[in-house]
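Input: a single structure, listed below in structure tokens.
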DNA sequence: TATCCGTGGTA
DNA sequence: TTACCAAGGAT
């Protein structure tokens, strides 16, 4: 849920989710549509599908227990390097480089002396983070939490709260006089009129209904026929939408 | 590796 | 008002 989504928006959904499905087996036992519906407006609804698939895989491969090994975690649907490292570190106190957007920004500033990290994680960046990581698991896990939290609450992207920062004295970016970011522009994300907006609109109609929705309702939600029909079939192919009968659609 | 995958709060 | 951008992942 936290992938590319602010903590404050995740919290209420997360709490309801765990209340309903406290164990992987509980989630794996319900239809995928239930997960998509409970996902609400968190965005990137395919994550709901993948979380459901991960729960199913955990039941099948790991006897219903979230695995401790990075290799097992990263093999789960929707779990990449960051999430595998975060779970192994935070939940199991294993030693892993937890390199999320917050940690990357903290290291870019405090160590490298630049305002923002590069667009993609570089080898040098990973080596830097690895070299700073404490040797033993529990201490490394505390380090991971601390650096991430520092980035999330103090060393934030816009208007960092340097006056409240516990490591201002060793910050290379501060020492250099806070030079502005001079790298390539970080790509914006146009949204109006895009397939993403269209898909979101269509899925929203189905999510807000507890019964199959006639195609007419989708036409009302997105007038552009070519894009609407293409995105609708795309949603079906993704498994986010199921066609019910000849002329109706619903969550799977 | 560049691009695509939603959504909403904020300055 | 419009950008920015938020505990990334898959292809």
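No value in this document is a laboratory result; all are computed from the given coordinates. Note that the structure is a prediction, hence the values are computed from the model and not measured. Neighbour counts run over all protein chains shown; Cβ positions are idealised from the backbone, glycine included.
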**Fill in**
dims of chain A, Cα set, principal axes, largest to smallest, nearest Å -> 66, 44, 30
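Within a 10 angstrom radius of the beta carbon, how do A:98, A:79 rank from fewest other beta carbons to most? Mind showing how you got there, number by number?
Working: A:98 25, A:79 21.
In order of increasing Cβ crowding within 10 Å: A:79, A:98.
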**Asked** Given springs between every Cα pair under 10 Å in a Gaussian network model of chain A, which of A:30, A:154, A:167 has the largest fluctuation?
**Response** A:167
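Rounded to two decimal places and with Rh computed the Kirkwood way over Cα pairs, what is Rg over Rh for the stretch A:1-98?
Numbers: Rg = 13.0 Å, Rh = 13.7 Å.
We get a ratio of 0.94 for the stretch A:1-98.
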**Asked** Under a GNM of chain A (C-alpha, springs under 10 Å), which listed residue has the highest mean-square fluctuation: A:64, A:177, A:200?
**Response** A:177
**Asked** In what order do A:234, A:173, A:143 fall by count of nearby beta-carbon atoms within 10 Å, going from fewest to most?
**Response** A:234, A:143, A:173
**Prompt:** Using 0.36 nm per residue, how much length does the chain from residue A:19 to residue A:176 gain when fully extended, once their Cα-Cα distance is taken away?
**Reply:** 51.7 nm
**Request:** At 7 Å along the Cα-to-beta-carbon direction for both residue A:41 and residue A:10, put a label point, then send me their distance in nm to one decimal.
**Result:** 2.0 nm
**Prompt:** Among A:49, A:150, A:11, which one shows the biggest mean-square fluctuation in a GNM of chain A, springs joining Cα atoms closer than 10 Å?
**Reply:** A:11
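I need the calculated FRET efficiency for the pair residue A:124 and residue A:26, taking r as the beta carbon distance and R₀ as 41 Å, to the nearest 0.05. Provide the component values of the computation, followed by the final result.
Values: r = 43 Å, r/R0 = 1.04.
With R0 = 41 Å, the Cβ-Cβ based efficiency is 0.45.
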**Message:** Based on Cα coordinates alone, diagonalise the gyration tensor for the stretch A:195-250, multiply each eigenvalue by 5, take square roots, and list the semi-axes in whole Å, largest first.
**Reply:** 15, 12, 11
**Request:** Express in % the proportion of alpha carbon pairs of the stretch A:33-88 at distances exceeding 17 Å.
**Result:** 39 percent
**Asked** Cα centroids of the stretch A:147-194 and the stretch A:31-49: how far apart, whole angstrom?
**Response** 31 Å
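Test of understanding: ordering A:96, A:210 by Cβ neighbours within 10 Å, fewest first, what list do you get?
Least to most surrounded, the residues fall as A:210, A:96.
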